[in-house]
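A.B. asks: Quick one: the structure is below, and I'll ask about it shortly.
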Amino acid sequence: MHLVVFDIDGTLTDTNLVDGECYWRAVCEVLGLSGEQSDWSDFRHVTDVGIAAELCMRHLGCQLNGVEAEAIGSRLVELLDVALMYKDPAAQQIPGSSEILSVLGTSSEFAVALATGGLRSSAELKLKRAGLPFTLMSFASSNDAVSRGDILRIAAGRAAEKHTAQFAKFTYVGDGVWDAKAALELGWGFMGLAQGSRRIGCVRPGPR
């Protein structure tokens, strides 16, 4: 089987902007920070926990603790819940996302998993509000690991257990430079979704 792993924000759900704004507000409120939103590409690990941990070290000189991470996640869900409340579910989907999940999910040649740098609670909220099926899919998030590469490994491992199979091919579908880097790190194929200045094309790693 061929395992296809999907990122969520900007790949399945059109929530990059609102998620970034709500996440930055949640981090600032919990950690007591202020100022304009940082450029995520400057961070070592572009995941919700990874960014918050690095912000802690940069601005507070200490490590992020579990209580703070949980508080950020809870506040993020509260903010997203309000921000997405009155939006049309169909408008929150990246065009074609529902169809591709349905096609791959019913294929005997493909398996599907989700891997996000976001926290699981906020990711599930966005998928639910967008009307996308996800409850039966293997899933890994920033709750499971700090680095995106490790998150992908965990998602693949859970998918292998679910399907009791060893996958012959791996493809990651994402929309950020950090997604492409993670795929390269693992030797996976990569498909990039982006437009304009964020267009990153397709990365072709060597054979696995």
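A.B. asks: Could you check region 82-111 and list, in sequence order, the residues that are of a type outside the set (S, T, N, Q) and assigned to a helix (DSSP H, G or I)?
C.D. replies: 82, 83, 89, 90, 91, 99, 100, 101, 103, 104, 105
A.B. asks: Also, I was wondering about something else. For the subset of region 150-164 comprising residues that are surrounded by 18 or more Cβ atoms within 10 Å (Cβ to Cβ) and among the small types (Gly, Ala, Ser), which member is nearest to residue 114 (Cα to Cα)?
C.D. replies: Here the answer is 155.
A.B. asks: Only one of 114, 125, 79 is in the same structural domain as residue 164 (by TED's automatic domain parsing) and part of a helix (DSSP H, G or I); which?
C.D. replies: 125
A.B. asks: Looking at region 24-32, can you tell me whether even one residue there is of a type in the set (Phe, Trp, Tyr), crowded, with 21+ Cβ neighbours inside 10 Å and either at pLDDT 95 or above or out of contact with any Lys or Arg (no Cβ under 8 Å at 6 or more places or on another chain) (or both)?
C.D. replies: Taking every residue of region 24-32 in turn, none turns out to be of a type in the set (Phe, Trp, Tyr), crowded, with 21+ Cβ neighbours inside 10 Å and either at pLDDT 95 or above or out of contact with any Lys or Arg (no Cβ under 8 Å at 6 or more places or on another chain) (or both).
A.B. asks: Taking the conditions exactly as written (exposed (fewer than 15 other Cβ atoms within 10 Å of the Cβ), under 18 Å from the mean Cα position of the chain (by Cα), not hydrophobic (A, V, I, L, M, F, W, C) and not assigned by TED's automatic domain parsing to the domain that holds residue 171), does residue 41 satisfy them or not?
C.D. replies: Considered against the rule, which asks whether it is exposed (fewer than 15 other Cβ atoms within 10 Å of the Cβ), under 18 Å from the mean Cα position of the chain (by Cα), not hydrophobic (A, V, I, L, M, F, W, C) and not assigned by TED's automatic domain parsing to the domain that holds residue 171, residue 41 comes out as yes.
A.B. asks: When residues of region 190-208 are filtered for being under 24 Å from residue 15 (Cα atoms) and either touching a helix residue (DSSP H, G or I) at 6+ places or on another chain (Cβ under 8 Å) or modelled with pLDDT of 90 or more (or both), how many remain?
C.D. replies: So the count comes out to 5.
A.B. asks: With (1) within 16 Å of residue 19 (Cβ to Cβ); (2) surrounded by fewer than 21 Cβ atoms within 10 Å (Cβ to Cβ); (3) of a type in the set (Ser, Thr, Tyr) as the list, and residue 141 as the residue in question, which single condition is left unmet?
C.D. replies: Every listed condition holds for residue 141 apart from (2).
A.B. asks: Looking at (1) modelled with pLDDT of 95 or more; (2) out of contact with any helix residue (DSSP H, G or I) (no Cβ under 7 Å at 6 or more places or on another chain); (3) not aliphatic (A, V, I, L, M), find the lone condition where residue 172 falls short.
C.D. replies: (2)
A.B. asks: Report yes if some residue within region 15-33 is among the small types (Gly, Ala, Ser) and closer than 23 Å to residue 186 by Cβ; otherwise report no.
C.D. replies: no
A.B. asks: Considering each residue of region 56-74, count those that are more than 18 Å from the chain's Cα centre (by Cα), surrounded by 13 or more Cβ atoms within 10 Å (Cβ to Cβ) and either among the polar types (S, T, N, Q) or under 17 Å from residue 122 (Cβ atoms) (or both), and give that number.
C.D. replies: 3
The values are calculated or read from the model by the stated rules, or taken from the named source; none is laboratory data. All values reported here derive from a predicted model rather than from experimental measurement. Please note: Cβ atoms are built from the backbone with ideal geometry, for glycine as well, and neighbour counts cover all protein chains shown.
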